[in-house]
Amino acid sequence: MCRGASRAKRDAGRAADSSRQASGYPTRSARCDRNRGRCIARPPNAPRRFRVCVMTTSRMRAARFYEPGQALRIEEIPIPEPRGHEVLVRVRAAGVCHTDIHIRSGQLPLVPGVELPLTLGHETAGEVAALGPDVEGVREGDEVVVWGARGCGRCRLCHSGSESLCDQGTWLNGGYAEYALIPGPRYLASLGGVDPVQAAPLADAGLTPLHAIRKALPRLRAGDHVALFGLGGLGHLAVQILRALSPSTEIIAVDIEPSKRALALKLGARHAVDGLDHPAERIAEITGGSGAAAVLDFVGSDDSLRAALPSLGKAGILVIVGMAGGVLPISAFTLAPEASLTTSMWGSFPELEEVLALAREGAIRCETSVFDLERLNDVLDQLASGEVLGRAVVVP
């Protein structure tokens, strides 16, 4: 190759990296660490986005949980080797969830028999790096998002098809690492062109509100009001999902942060209510005194639940999604006549595929902030204090 051509190629690569960096996504050099792996080109007739990750080391960085109340430790551990039907995924992006705050603090108790240390992270997107000998249906280099609600496969809930409710599944090693070992290909959904930074949060922050909204949809009629409490990672996507699935719904967005209320209005909410300024009274005014046909609480604190319950209209439904530990006194005098109350937890694999389809269509887009894995503890602290707008995503 002549010197001019070499320089032109080098300049083009730098320009591409600058473009990726400006978009908040890691550059090629950052994503293909020469000490941990290298990317080689795909054959000419293969899709453009494809890359094959070649591992050049047997160790990886991971954020490890040792005990409640302690910071996660970023350390070097062996890259797991896939066996049987297992799939090794090179992690390109991992969403940061409030559940990890509860695990780190000890608020979410450990399941008996779980061995520590453990790698957290249940919103994971990347590419298939290696396959166990018995794997069929996926290939190395396939770009995927992981269904984080995978269960143990042995308990009553898993056998009944409710793997998203499996306790043990919460404690499988996750995506806060350079590689993640997945039990099998049936937990992998194709990115289908969705950027990994966008796709990773959809494994929970998108999937969970879709599942919750599905519980409310049968109650809704054209022009009904739905109140969404909490407009963070889940709530801001809930606004968009509800708008896509029920366009005639009047969305009332409730949050204590002005920036989050402003984002909700931008994304399609009709009304924004300050969560600190008598939200139930404001919702009564907006609905003409009839209350909301559905209320989805993505916070689950004492304050949000106390405001959510009186905001609910007759024959309405209150869906509690948030896990902030709030307590809600219930009686025939506190709940509207014929109203229902339910909880909602994660979602199914088909629902994950539905969320990804909405992202491909441009119906939803996650507001993201991207961080290095080494900053994970700081990001968890920011999330706990309500400083994150949308979803924080770490890139190993």
(request) Pick out the one residue from Val197, Val226, Val254, Val239 that is part of a helix (DSSP H, G or I), crowded, with 20+ Cβ neighbours inside 10 Å and in the same structural domain as Gly289 (by TED's automatic domain parsing). (result) Val239
(message) Please count how many residues of region 78-100 are outside any loop (DSSP other than H, G, I, E, B) and surrounded by 17 or more Cβ atoms within 10 Å (Cβ to Cβ).
(response) 12
(message) Pull out all pairs, ordered by first then second residue, where Cβ-Cβ is under 7 Å, the residues are six or more apart or on different chains, the first lies in region 106-130 and is of a type in the set (Asp, Glu), and the second is surrounded by fewer than 22 Cβ atoms within 10 Å (Cβ to Cβ).
(response) Glu127/Arg51; Glu127/Gly141; Glu127/Asp142
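Given the structure, is Ala392 surrounded by 19 or more Cβ atoms within 10 Å (Cβ to Cβ), among the aliphatic types (A, V, I, L, M) and farther than 20 Å from Asp204 by Cβ?
Here the answer is no, as Ala392 does not meet what is asked.
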(request) Scan region 63-73 residue by residue and report those that are surrounded by 14 or more Cβ atoms within 10 Å (Cβ to Cβ) and closer than 17 Å to Asp378 by Cβ. (result) Ala63, Arg64, Phe65, Ala71, Leu72
(message) Whether any residue in region 331-338 is more than 16 Å from Gly206 (Cα to Cα), touching a residue at least 40 places away in the same chain (Cβ under 8 Å) and within 24 Å of the chain's Cα centre (by Cα) is what I want to check.
(response) no
(request) Kindly state which strands (runs of 3 or more DSSP E) lie completely within region 316-396 and contain at least 3 residues that are hydrophobic (A, V, I, L, M, F, W, C). (result) 391-395
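The values are calculated or read from the model by the stated rules, or taken from the named source; none is laboratory data. All values reported here derive from a predicted model rather than from experimental measurement. Every residue, glycine as well, gets a Cβ built from its backbone with ideal geometry; the counts of neighbours run over all protein chains shown.
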